[in-house]
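The values are calculated or read from the model by the stated rules, or taken from the named source; none is laboratory data. A quick note: this is a predicted structure, and the numbers were derived from the prediction, not measured. Here the Cβ positions follow ideal geometry from the backbone for every residue, glycine too, while neighbour counts run over all protein chains shown. What goes into the accessible areas is simple: the full protein's heavy atoms, side chains included, and nothing from ligands, DNA or RNA. Shrake-Rupley method; radii C 1.70, N 1.55, O 1.52, S 1.80 Å.
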Amino acid sequence: MKTLTFIGYGNMALAIAKGLVGKYRLEIVGRNEEKLKKVQQSLQQSLSEDVKYFLLNSFDISDKDIVLAVKPNNLEEVGEKLNGKANVIYSVLAGTPIEKIKTHIESDAVVRAMPNLAASLQASMTTLTGDEAYKNEALEIFSAIGEALWLGSEKELDIATALAGSGPAYLALIAEALSDGAVKQGLKRADAAKITEGLFGGFAKLLKTTHPALLKDGVMSPGGTTAAGYAALEEAGVRNGCIQAIEAAYKRAKELG
Ligand SMILES: NC(=O)c1ccc[n+]([C@@H]2O[C@H](COP(=O)([O-])OP(=O)(O)OC[C@H]3O[C@@H](n4cnc5c(N)ncnc54)[C@H](OP(=O)(O)O)[C@@H]3O)[C@@H](O)[C@H]2O)c1
């Protein structure tokens, strides 16, 4: 069994690590021993094998396969505390280019990964890019927390970050707004929430097999209710708002990088 060494034990590190329990031998590295112990215990519950933990200070990354899961602005400080040269770094740091990672942490290869919030349910849509030598390995690791897709460049990864990384927030707005609309017309709040939840679950399955334009055409009968509602969405500029949201988030990702 291969070993993966996590640097950082926050939300994203734990979401990924939980998906990998039993598939990889796990090591956790961080700056706080109490937190390290807690994370070790939570991961070890479902394992017969030991999850090792190490303090960040002077940790030797030589020949290790690292999952880097601290905040982007911790990169420099974390890099200063590490010794040696890793085999590969799988970095989940949003908007942080490979070149920047390489200037702070020595590694033969770097792969950038962009999971999303659904990683905690093992339903992330994760995009990846970087050193092609680790493409298959990266796809295998991140498929453990949902779906994974390799992209051809860092530019595409930053655009995908605007789509899949930030996407849960956009869809949350749509879900809440649709519920609000139903409540405004007189539906009970709990019923509206339950219906919206079912709507999104069913829609996700339909989207896997049918193009969105065809889904829309399939439900829109001439002069019907959907056509009326759809026209209202277009009039309110929802389509243009979505296009602008991706543009704004991508622009921000570039600024952060
Ligand atoms: N959450 C998401 O939906 C999501 C999606 C895609 C990518 N990401 C990326 O995932 C990374 C981690 O995000 P998160 O949501 O997991 O954050 P988080 O829960 O706040 O975890 C941050 C981790 O960084 C450590 N850390 C903070 N400052 C440090 C320092 N100066 N030196 C060493 N370690 C330090 C924290 O340790 P302490 O607890 O000891 O401070 C903790 O382990 C970020 O780079 C983010 O861009 C997150």
Gyration tensor on Cα atoms of the chain, a ≥ b ≥ c root eigenvalues, a/c under 1.5 rounded, else prolate if a/b beats b/c, else oblate, says prolate
To the nearest 20 debye, the stretch 26-97 has a Cα-centred charge dipole, built from +1 on Lys and Arg Cβ and -1 on Asp and Glu Cβ, of 200
Note on the chain, DSSP bridge orientation, antiparallel percent to nearest 5 equals 10
Given unit charges at Cβ for Lys, Arg (+) and Asp, Glu (-), the dipole magnitude of the stretch 3-151 about its Cα centre in debye, nearest 20, is 420
Using alpha-carbon positions, the gyration tensor of the stretch 198-249 gives root eigenvalues a ≥ b ≥ c; with a/c under 1.5 called rounded, otherwise prolate if a/b exceeds b/c, else oblate, the class is oblate
Rounded to the nearest 500, the 222 nm mean residue ellipticity computed for the chain from DSSP H runs (n ≥ 4, each -39500 (n - 2.57)) alone is -15500 deg cm²/dmol
Mean accessible area per residue over the chain (1.4 angstrom probe, all protein chains present, square angstrom) is 57
A 1.4 Å probe over the protein heavy atoms gives the stretch 167-256 a carbon and sulfur accessible-area percentage of 66
Placing each pseudo-label 7 Å from Cα in the direction of the beta carbon, Ala248 and Ala231 end up separated by a distance in nanometres of 2.9
Checking the stretch 1-76 for trypsin sites (Lys or Arg not before Pro) in a loop per DSSP with at most 15 other beta-carbon atoms within 10 Å yields Lys2, Lys23
Taking the dipole of the chain about the Cα centre (Lys, Arg +1; Asp, Glu -1; charges at Cβ), the one of Leu163, Met220, Ala182 that reaches farthest to the positive side is Ala182
Of all DSSP beta bridges with both partners in the stretch 3-151, the antiparallel percent, nearest 5, is 10
Of 210-223, 109-122, ordering from highest average Cβ density within 10 Å down gives 109-122, 210-223
For Thr126, other-chain or 5+-apart residues with amide H closer than 5 Å (H placed, Pro excluded) are Glu147, Ala148, Leu149
With +1 at each Lys and Arg Cβ and -1 at each Asp and Glu Cβ, the charge dipole magnitude of the chain around its Cα centre, to the nearest 20 debye, comes out at 620
Along the dipole axis of the stretch 1-134 (charges at Cβ: +1 for Lys and Arg, -1 for Asp and Glu; origin at the Cα centre), the most positive-end residue among Thr96, Val21, Val110 is Val21
Diffing the stretch 183-200: the Karplus 3J(HN,Hα) column from phi (6.51, -1.76, 1.60, θ = phi - 60°), in whole Hz with x for Gly and Pro, holds 5, 4, 7, x, 6, 5, 4, 5, 5, 4, 5, 5, 5, 5, 4, x, 4, 5
With x for Gly and Pro, the residue-by-residue ³J(HN,Hα) of the stretch 69-78, computed from phi through the Karplus equation 6.51 cos²θ - 1.76 cosθ + 1.60 at θ = phi - 60° and given in whole Hz, is 9, 9, 7, x, 7, 8, 3, 5, 4, 5
Note on the stretch 3-151: contact order normalised by length, alpha-carbon pairs under 8 Å, 6 or more apart, percent, works out to 21
If one compares the long axis through the Cα atoms of helix 11-20 with the longest principal axis of the Cα atoms of the chain, the angle in degrees, nearest 10, works out at 80
Here the net charge surrounding Pro168, from other residues whose Cβ is less than 15 Å away from its Cβ (Lys, Arg +1; Asp, Glu -1), is -3
